[in-house]
Amino acid sequence: MGKGCITATKYFLFLFNLLFFIFGALIMGFGLWVLLDNQSFIAVLQESSTTLKVVSYIFISVGSLSMAMGFLGCIGAIYEIRCLLGLYFTCLLLILIAQVTAGVLIYIQRDRLKHEMSNIIKGMLVNYTGQNRTTEHTWDIVQRTMKCCGWTGPGNWLENVWIRNSSVSMYPCSCRNETLPGTDVRETGLCEHLSNDLPVYETGCMHSVEGWFLENCGVILGICVGVAVIELLGMILSMFLCKSVVQEDYTKVPKY
């Protein structure tokens, strides 16, 4: 096999591993966002959903491991170290199997996850006071920005402890439809209204939230597919380069 072909393969593998490192960083960043975000709908689920926390830790772990594998592949490719290339190929294969398995499990459990999310939101609405700045205020932001009220509709709020036991007509302030006549607009908490015709949005947030999830999941799915393609190419190139290296020369590795 020509030396030029080996050199080209080596640098192609280096490039793919650089991309692999970047995609790994993106996946890890998404996991950190899911775990730490307090400004989007994700924050509503963080305190109650163990599934969400597990998924975030999986993303962080896979992203970190992908970055490590990308670095390992770069070193193995540049210095043509067969043992590193072999280890790199094995780790990529294991990561690819884990990703496919995780994707299948998420697809199988999708109805359960949807049910869990619905129960979390409805439970939060029942106990809503407007004082929790993490979950309740985030849900207020969801209702204001998506122009919706409740999960399946404003009727969900009738189960709220404070509204149900109040002697006056009350509604969540973030449900306020500004196009209808009523009291002053407030961003959080419960508002009082003098009539039974509440100035709130009539549609629930379920479809809007599901659309938001699908939109964001589409971005993540695209990243995961890109990582999988790079993994396959990396495996092919590492196997090709590993067979091409007749003898390892460790003198190429810099000493620190």
* Which far-off residues, 5 or more places away or on another chain, put their amide H under 5 Å from the one on residue 169, with H placed in the peptide plane? -> 193
* Asked: Could you give the semi-axes, largest first, of the ellipsoid that matches the range 147-189, computed as the square roots of 5 times the alpha carbon gyration tensor eigenvalues and rounded to whole Å?
  -> 17, 14, 9
* Asked: Mind listing the Cα extents of the range 140-219 along all three principal axes, in Å, largest one first?
  -> 46, 25, 18
* Sorted largest first, extent of the range 110-150 alpha carbons per principal axis (Å) -> 29, 21, 15
* Structure fact -> Diffusion coefficient in µm²/s returned for the range 57-104 by Stokes-Einstein, Kirkwood Rh over C-alpha pairs, 4 °C and 1.567 mPa s, is 115 µm²/s
* Structure fact -> Kirkwood Rh for the range 90-176 from C-alpha pairs, in Å, is 15.4 Å
* Asked: Listed highest first by mean packing, meaning other Cβ atoms within 10 Å per residue, what order do 156-169, 97-110, 11-24 come in?
  -> 11-24, 156-169, 97-110
* Using the Cα atoms as the points, what is the convex hull volume per residue of the range 68-223 in Å³? -> 142 Å³
* Rule-of-thumb check for the range 65-135: C-alpha Rg over 2.2 N^0.38 Å? -> 1.94
* Surface accessible to a 1.4 Å probe, per residue, for the residues of the range 118-230, Å² -> 53 Å²
* Structure fact -> On the accessible surface of the range 90-177, probed at 1.4 Å with all protein chains in place, carbon and sulfur together account for a percent value of 60 percent
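The values are calculated or read from the model by the stated rules, or taken from the named source; none is laboratory data. Predicted, not measured: the structure shown is a model, and the values here were computed from it. Backbone-built Cβ (ideal geometry, glycine too); neighbour counts: all protein chains shown. Protein only, heavy atoms only, side chains kept; ligands, DNA and RNA dropped before computing areas. Shrake-Rupley method; radii C 1.70, N 1.55, O 1.52, S 1.80 Å.
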